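Heads up: the structure comes next, in structure tokens.
The values are calculated or read from the model by the stated rules, or taken from the named source; none is laboratory data. Treat the numbers as computed from the prediction; the structure is a model and nothing was measured. Here Cβ is always computed from backbone atoms with ideal geometry, including for glycine, and neighbour counts include all displayed protein chains.
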Amino acid sequence: MGRFDELVGIVARLRGEGGCPWDRAQSLESMRPYLLEETYEVLDAIDRGEELQEELGDLAFQVVFLARLAEEAGRFGMDDVLQRINRKMVDRHPHVFEAGAVRTGDEGDVAAWEARKARERGGVGSALDGVPPALPALLRAHRISEKAGAVGFDWPDAAGVRAKLTEEVAELDQAMAGGNPIEIAEELGDVLFTLVNLGRHLPTGAEDALRMATARFEARFRVVEAELAAQGRTVYETPADELEARWRAAKRAAPLSGG
């Protein structure tokens with residue numbers, strides 16, 4: 001029996017008579033937070049370059065467990081899941097799997113990929129379909145704008161988006177001067193959405209760039225806390241100007257790729 005079949009068997013045992021009470025009590029709905037947590041742990045492992053093997057295993061368990069729950073509900077089983085994804089990947093990569101397929105040069109292009117997906121839908125629905133509402137806001141903005149770009153609704157290069165960003169920031173400044181909370185929220189959203197689009201035209205997307213920036217800030221702030229703790233002090237009793245000076249010193253001491 002292969003390792004994957006072994007995992008399927010373990011999940012069946014956990015859910016079966018005499019299995020684990022916690023596992024037997026779960027439902028598709030109750031597993032949502034665990035699936036999300038495991039997904040982010042995989043992303044964190046990729047960023048850190050550590051424990052990826054273990055985190056991928058945890059994520060694989062989530063997939064098999066969810067398929068088991070669906071099977072028990074009479075909807076589909078793990079074999080159906082695998083059959084469908086196998087078929088989908090073959091159909092969407094004709095340049096790889098079809099004998100004698102003529103390569104057009106756009107095989108790795110997002111627009112070509114989206115076009116193949118649209119053909120699968122028979123032209124029904126929106127070009128923006130398929131982006132889960134539950135995605136983090138920056139990532140969802142990236143995917144929505146990427147899909148729009150796939151049909152030609154996009155800036156030709158980063159310079160065009162950068163010019164748009166200047167325009168949107170000016171509009172945010174104007175809204176802030178006016179003091180209308182609704183207008184401020186709308187203009188701030190436009191700035192963020194434009195930044196996401198700028199990220200699509202740069203080597204690193206907005207979601208990854210923001211995650212790395214947050215990690216840099218956190219690391220430096222913790223250095224400041226450690227330095228103060230060594231003096232018997234805390235950040236809560238330290239003046240803001242001193243915190244800023246110490247943070248800048250921590251940044252100079254450990255630039256962390258310059259951000």
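Just one of the numbered conditions (1) modelled with pLDDT of 95 or more; (2) in a helix (DSSP H, G or I) is not true of residue 233: (2). Restricting attention to region 1-21, the residues being in contact with a helix residue (DSSP H, G or I) (Cβ under 7 Å, 6 or more places away or on another chain) and not hydrophobic (A, V, I, L, M, F, W, C) number 2. From the list 199, 149, the lone residue that is part of a helix (DSSP H, G or I), touching a residue at least 24 places away in the same chain (Cβ under 8 Å), in contact with a Gly (Cβ under 6 Å, 6 or more places away or on another chain) and not aromatic (Phe, Trp, Tyr) is 199. Restricting the first member to region 167-196 and to residues that are in a helix (DSSP H, G or I) and modelled with pLDDT of 95 or more, and the second to residues that are surrounded by 15 or more Cβ atoms within 10 Å (Cβ to Cβ) and among the polar types (S, T, N, Q), the beta-carbon pairs closer than 8 Å and six or more apart or on different chains are 168/194; 193/145; 196/145. Counting only residues that are farther than 30 Å from residue 119 by Cα, assigned to a helix (DSSP H, G or I) and not hydrophobic (A, V, I, L, M, F, W, C), region 51-97 holds 8 of them.
Just so you know, in region 10-45 the residues that are outside any helix (DSSP H, G or I) and among the aliphatic types (A, V, I, L, M) include one that is surrounded by the most Cβ atoms within 10 Å (Cβ to Cβ), and it is 31.
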